[in-house]
Amino acid sequence: MGKRDDAQARRQAIIDGMLADALRPAYTYRLPSHHALPADIRHAVDRLLAKAEAERTRCLTYDDLEEALPPRDVTPEDLEAIFWILAEHGIEVEDGEAG
């Protein structure tokens with residue numbers, strides 16, 4: 001019976017840890033601020049924000065994103081930061097035409 005109780009305790013500890021992670025507020029993880037990004041990525045973000053403002057839209061296309069990106073390989077972290085900053089401004093990036 002002792003082995004069964006140990007296994008149950010281990011399972012419960014794993015479940016408790018998963019629940020704690022799920023209940024942790026999302027804002028405890030923050031991406032770098034706009035000013036901490038590489039200059040070419042900051043410029044891309046600025047171009048995207050300006051385009052959204054000029055078109056008075058809250059939706060940009062992947063073509064808009066591709067046009068704004070620097071001519072180098074962009075890291076997944078750079079893309080995540082771009083999407084994060086756009087989302088903070090209420091701007092989504094979607095397939096299709098901006099609207």
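The values are calculated or read from the model by the stated rules, or taken from the named source; none is laboratory data. Note that the structure is predicted; figures quoted are calculated from it, not measured. No Cβ is skipped: glycine too gets one built from the backbone with ideal geometry, and neighbour counts run over all protein chains shown. Each accessible area value is taken on the protein alone, full model and side chains, heavy atoms only, with ligands, DNA and RNA left out. Shrake-Rupley method; radii C 1.70, N 1.55, O 1.52, S 1.80 Å.
Could you check region 23-44 and list, in sequence order, the residues that are open to solvent by less than 80 Å² (accessible area, probe 1.4 Å), at pLDDT below 80 and either of a type in the set (V, I, T) or more than 17 Å from the chain's Cα centre (by Cα) (or both)?
none
Could you tell me which of the residues L86, L79, L49 is in contact with an Asp or Glu (Cβ under 9 Å, 6 or more places away or on another chain) and either closer than 24 Å to S33 by Cβ or open to solvent by less than 40 Å² (accessible area, probe 1.4 Å) (or both)?
One residue alone meets the criteria, L86.
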